[in-house]
1. Fewest Cβ neighbours within 10 Å first, please rank A:Thr159, B:Thr79, A:Thr128 accordingly.
2. Quick one: B:Ser203, B:Ser22, A:Ser263, fewest Cβ neighbours within 10 Å first, how do they rank?
3. Rounding to the nearest 20 debye, state how big the charge dipole of the range A:1-94 is about its Cα centre with +1 on each Lys and Arg Cβ and -1 on each Asp and Glu Cβ.
4. Would you list B:Arg310, B:Arg239, B:Arg286 from fewest to most Cβ contacts within 10 Å?
Amino acid sequence: MSAHKELRRYGGFGPQCLGLLTRLMRREARGLPVLKPPGGWAEHAFDDLVQEFFAAKGKAVTRMLYAQAGDDDQLGALLCRSVQNWLIDWARATTDPGALRHRLEKILPSLPHFARVPDGQPGAGRWTLADGPDGPDGPDAPDGVFVGDVEDLAKAGRTLGVMPGAWSSETRRAPVTDKASLVRLLGRIFDAAGGSLELGQIVYAVQGSFHAQFAGEVVFDHRAEPSGRLAAAVGAAETGQSGLATQESETRIALMARRLLDSLGDDGVRILDVMADPVQVAARLGVGRSQAYAKRGAATAVLAELIGDDPDRAAILAEARSIVDGRAR
Amino acid sequence: MSNTVDGAGAPVSSGLLALAESFRVPQELRDAVLDAAVPPPSEGQLWRAEDGPVAVLGLLISVQSGKDRLPNVLFCPVTLDVEDESGAGVAVASSVLGNADVLLWPGLARWIPLAALDHLLDDGQDLLGAASRVERTAASADNPDAAFALLDAVDVFSGAAQALAQIADDMSVLASLPRIAVAASDTHASRDRTSLMEALPGSGADKIRVLTDVLGVSGPDAMAVLRGRRPLTDDESDRIRRHLGLGGQEVQHHGFPLELVAELEQPRWRRPLLGVAPAAGLAEARAAAAGGVYALAARDSAAEPNWAERIQRYLQAGG
């Protein structure tokens, strides 16, 4: 049976569609070098990506494909597009330069020290100091547009010596600098540039400013939260709070709990608090023992897939139960 | 892992299968997709449009037809799996699609041939309201360059930007869907066109000879071109124009009555046409039907033929 026929017959993904998804993910992920783990691609890394994609987008993608794909060719093209789009966002959120760029995009407009070059002027759309560069155009910035070597900007940034703070978790972001430090760092970079900068140049320079202290510490991990300390530095500056790690951790636990409940389905949710006892599972669902074992097995598989080795597994389960209790009330 | 394997023989995670089970589409969507009825398109309906490998979901913002033009619809793409951080998308409620994450993209709206519409999915009241709200934006956006304005508003490095760019390309494919030629006298652009039958000199055999020489096609193919069963490509039209020294005029075969072509473009004929010509593509099936129905009509003397009835008779006769 083809993937399209399977989708039409069952109204959802089965082995054929999931196999197609896995093959597409393997091909498309290899096309994004930034996602490549330090040790190279391993099969489990692709499986993790498929799991992440399907948990995040599976519901919407299933409906989209069911409504939109008229045959296997269209299904393949549409699913490929979804995978590509998700991988781009995933790379931005989970890799260090991507996350840093994403956060700078959000924070720069909120800082009065910096402004976009207006339309009609050289370098329109780039970022510059709000009160303009000091002195005449430098040799690297004719017409106020920086065209020099961005490594020079990173060197200038490193002279500030913005220092990291305490760090205890390998899988959580932590605040390592404050807003004032980030503004000073950006100011130093812009001063060195003597002209306007593309966002990509800013990202490179900020990243380079930290690299002396953070070299080798950013590890790609599909299962972990975005791990870049650089992104964390900017994230902390975004909020100006030192408790960011705690907030993000709580937010993540809440999100994972909701994702878990979505994935468990009605029966899985109903037995969440009695899964250890098949008798209670059978009673709760009103089914026989074999069915109870099957239901419990399905729910256990979902738990294993989603939070099996998650360090916050207990907290996520507690949050999920709390949500279920809240719904019941 | 379970024993379940995919089409390539690779094992499929039981956890993923369980997740997929929980993501099954609602019955309402299944009913809408499998419903064989194809009502006439009207504003505020959610349709699936397709041409070959391209398929797009979209809302009908406006339906346009007339005595001097083939029917077109202003079609506004709808997505379910694109996240919008730009504010350029418009959230819309479609109970059939599950309501959540359904976004309209007025900047990508284009006029496309009615013939591109394949299947009605939803005609809820909420959609009609959404169509009227975005009408002005969408109407002003109807040109290929408008998509760039939308894409400017979207973060160029996001996944959404790539998805929307691909949808903009898909809309261009739909907008340029091949159509059956209409008799020159039936169109508002008749001044710029000339009939192939009139332009070619000499007897029928002479016309066929010119076509085989200029186009490099066989005699039967030349006959099909002359009779309008096989449309001319732009390149072929250009070669004939240059051969005959016709200046800037577009050359086409004699064409069919506009009312016949407009009727054949109604979505309700799509599947029946493919039913009588399963090996052909839809464009070929439509062209064959136009020729067949027109030939049948030539034997009648009715002043205003009922084309829908004649298409029905053509289909009942097996094409």
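1. The most exposed by this proxy come first: A:Thr159, A:Thr128, B:Thr79.
2. Least crowded to most crowded, the residues run B:Ser203, B:Ser22, A:Ser263.
3. Taking the Cα centre of the range A:1-94 as origin, the dipole is about 140 debye.
4. With the sparsest Cβ surroundings first, the list reads B:Arg239, B:Arg310, B:Arg286.
Just so you know, all these numbers are worked out from the coordinates, no wet-lab data involved. Since the structure is predicted, the reported quantities are computational estimates derived from the model, not experimental observations. Reconstructed Cβ throughout: ideal geometry from the backbone, glycine too, with neighbour counts over all protein chains shown.
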